[in-house]
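Asker: Before I ask anything, here is the structure I am working with.
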Amino acid sequence: MLNTWVVTLITPLLALGIGVLSGAFIMRLRVDKSNKELNKTVDDILERARKEAVDLIKDARLESKDIMHKGRKDLEHDIKERKKDIALLERKLQSKEDALEQKIEGVHTREQDIIREERALEEQKANYENMRSEYIEEIERVSSMTKDEAKNILIEEIADDARLESVRMVREIEEDARSEAEQKARNILAISIQRIASEYPSEITVSTVTLPNEDMKGRIIGKEGRNIKSFEQVTGVDVIIDDTPESVIISSFDPIRREIAKLTLKKLMSDGRIHPAKIEGLYSKAKVDIEKEILEAGENAIFSLGLHGFPKELKQLIGRLKFRSSYGQNALAHSVEVARVAGHMASELGLDPKMAKRCGLLHDIGKAIDYELEGSHTQIGVDIAKKYKEDWKVSNAILAHHNEEEYKCIESILVHAADIISASRPGARREVLETYIKRMEKLEEIATGFDGVTKSYAIQAGREIRVIVEPGKIGDNRISLLSKDISQRIQEELTYPGHIKVTVIREMRATEYAK
């Protein structure tokens, strides 16, 4: 039973093993067959590829041979063309070398000629030096002068001739420039001046106050001089009471303080009560009134010129010029006139008239407080302009109108010209008689101090001096030089407003009598 079960179990297993082996063998046969077919296909493909590669190599070799053959032909053609070009260049170079050799030969020949000429010139120079030495010795013997003395005389004569020639040329240039520019300048100045018609009050260091009667003098003095002492102490001025009928004089170098004192005295006389307490009270009121008047004067001046942008402090400084004078000319009226003239000239020249007016209005601003501070009014004015941040042109105009700095803008030139116009206008300024006479005498003294001058006359209130010379000593060519020398001397030794014209007159007269 057991054997039967074993047999039954083993028989299928054997059959299965035989089947598997059979299948494996069959599969192996099939794989071998497929490998043989695959190997044959691969061999065929490789054979075809080998044949194609051989063909391609042959074609490539043939093509490369063709290319090499063509390139060789092209290279040979290029070489032939280059050889032709090189041959042509060699021929041209050879011709240039031949020409250069000919030029070099010519240069050598010229050098030889130059050497011969130099030798001949040296011989001539030596002969000339010998002749010159002999000539100089003969001149020294005849004239009894040494070589250096004659040389100095000759140099002086040449220098005089050159100086006269330069003066003549300068005069011609000035005449040409004047003929072109004078008419335009006259037109501009005439247009500017004709629009200005200002009058100036006479301002000095004293003010006269008219009294209602002579009794008022005693009331001003007070008992034992109590009132006048108190008045002078409060106001800071000097009160002069003399024999002048119905008037007293207030003296002070401070024009503002003098004006306040004048107004205080008028208020005291109007009130009728004069005593120390009243003086102090009315002085305070007068001070406030004058400060208002100063501010209004500054604002009116600025408004009349059509300007703006001035701070209050600067307006007050401008207004203070109303009580300041120079050569008897009111400083505020002068500044306004300068501003207007400069503005008109700027308009005629196509410039900004407002900047020119601003420079003109502030050109003398330093005079508003120059009696309070040390330094020139120009430097004080520049400090004020910088303090209130004015344009740099304003500072330049302040310094340049007294030649303390170069002109850096057109406005400065216009302000300087307008300042001279305003100062030199007839009636604008006045001087003390003694000072005026001394200046006139000094003018004539300077002119007559020159050699060849016979007489001199200061005319037109010292704005022109006419000089008469001896015709035998000074020729026509020297009178221009003399006028320049005199004007230069006047500039160095005199201080004066405006310009002084120097006219030199040379007249030759021949006189004979018929008998």
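Asker: Just to be sure before I move on: is Lys455 basic (Lys, Arg) and in contact (Cβ under 8 Å) with a residue 40 or more places away in the chain in the structure I sent?
Answerer: Details: basic (Lys, Arg): yes; in contact (Cβ under 8 Å) with a residue 40 or more places away in the chain: no.
No; evaluated as a whole, the condition is false for this residue.
Asker: Can I ask one more? Scan Val7, Val54 and give me the residue that is β-branched (Val, Ile, Thr), part of a helix (DSSP H, G or I), at pLDDT below 80 and open to solvent by less than 90 Å² (accessible area, probe 1.4 Å).
Answerer: Checking each option against the conditions leaves just Val7.
Asker: Residue check, Val432 against (1) out of contact with any helix residue (DSSP H, G or I) (no Cβ under 6 Å at 6 or more places or on another chain); (2) at pLDDT 85 or above; (3) closer than 29 Å to Glu493 by Cβ; (4) among the β-branched types (Val, Ile, Thr), all met but one. Which one?
Answerer: So Val432 meets the others, but not (2).
Asker: Among the residues that make up the range 214-233, is at least one of them closer than 21 Å to Phe323 by Cβ, in a helix (DSSP H, G or I) and of a type in the set (S, T, N, Q)? So that I can check it myself, show each step before the final result.
Answerer: Of all residues in the range 214-233, those closer than 21 Å to Phe323 by Cβ come to 231-232.
Checking the rest, the ones that are also in a helix (DSSP H, G or I) come to 231-232.
Then keep just the ones that are of a type in the set (S, T, N, Q); that gives none.
No, because not a single residue in the range 214-233 is closer than 21 Å to Phe323 by Cβ, in a helix (DSSP H, G or I) and of a type in the set (S, T, N, Q).
Asker: Considering each of Leu351, Leu317 in turn, give the residue that is more than 17 Å from Ala417 (Cα to Cα), among the hydrophobic types (A, V, I, L, M, F, W, C) and at pLDDT below 90.
Answerer: After applying the criteria, what remains is Leu317.
Asker: So, one more: State yes or no: is Ser304 open to solvent by 40 Å² or more (accessible area, probe 1.4 Å) and more than 29 Å from Lys408 (Cα to Cα)?
Answerer: No, not satisfied.
Asker: Working carefully through the options Ile260, Ile250, Ile256, find the one that is closer than 17 Å to Ile290 by Cα, open to solvent by less than 40 Å² (accessible area, probe 1.4 Å), in a strand (DSSP E or B) and at pLDDT 80 or above. Lay out the reasoning, then the answer.
Answerer: Details: Ile260 fails: in a strand (DSSP E or B); Ile256 fails: in a strand (DSSP E or B).
When all the criteria are applied, what remains is Ile250.
Asker: Further question on the same structure: If a residue counts only when it is over 22 Å from the mean Cα position of the chain (by Cα), which helices (runs of 4 or more DSSP H) contained entirely in the range 290-396 have at least 3 such residues?
Answerer: 312-320, 331-348, 377-387
Asker: For the range 469-496, give me the residue count where each residue is of a type in the set (Val, Ile, Thr), closer than 13 Å to Gly452 by Cβ and without any contact (Cβ under 8 Å) to a residue 40 or more places away in the chain.
Answerer: 3
Condition check ((1) of a type in the set (A, V, I, L, M, F, W, C); (2) modelled with pLDDT under 85; (3) under 29 Å from His401 (Cβ atoms)) across all residues:
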residue: Ile420; (1), (2), (3): yes, yes, yes
residue: Ala428; (1), (2), (3): yes, yes, yes
residue: Met440; (1), (2), (3): yes, yes, yes
residue: Ile465; (1), (2), (3): yes, no, yes
residue: Asn477; (1), (2), (3): no, yes, no
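Asker: Tell me the residue from Ile479, Ile465, Ile474 that is crowded, with 17+ Cβ neighbours inside 10 Å, touching a strand residue (DSSP E or B) at 6+ places or on another chain (Cβ under 9 Å) and within 25 Å of Ala418 (Cα to Cα), please.
Answerer: Details: Ile479 fails: within 25 Å of Ala418 (Cα to Cα); Ile474 fails: within 25 Å of Ala418 (Cα to Cα).
The conditions single out Ile465.
Asker: Does Ala397 satisfy being hydrophobic (A, V, I, L, M, F, W, C) and at pLDDT 85 or above?
Answerer: For Ala397, the condition - hydrophobic (A, V, I, L, M, F, W, C) and at pLDDT 85 or above - is met.
Asker: Under 9 Å between Cβ atoms, which residue pairs at least 6 apart in sequence (or on different chains) link something in the range 349-364 that is under 18 Å from Leu332 (Cα atoms) with a partner that is open to solvent by 40 Å² or more (accessible area, probe 1.4 Å) and hydroxyl-bearing (Ser, Thr, Tyr)?
Answerer: Ala356/Ser347
Asker: Out of the residues in the range 444-454 that are under 21 Å from Glu492 (Cα atoms) and either part of a strand (DSSP E or B) or among the hydrophobic types (A, V, I, L, M, F, W, C) (or both), state the one that is most open to solvent (accessible area, probe 1.4 Å).
Answerer: Across the range 444-454, the extreme among qualifying residues is Phe450.
Asker: Can you tell me which residue in the range 263-287 is modelled with the highest pLDDT, limited to those that are open to solvent by 40 Å² or more (accessible area, probe 1.4 Å) and either outside any helix (DSSP H, G or I) or small (Gly, Ala, Ser) (or both)?
Answerer: Ser284
The values are calculated or read from the model by the stated rules, or taken from the named source; none is laboratory data. Note that the coordinates shown come from a computational prediction; the quantities given were computed from them, not determined experimentally. Every residue, glycine among them, receives a Cβ derived from its backbone with ideal geometry; neighbour counts consider all protein chains shown. Each accessible area value is taken on the protein alone, full model and side chains, heavy atoms only, with ligands, DNA and RNA left out. Shrake-Rupley method; radii C 1.70, N 1.55, O 1.52, S 1.80 Å.
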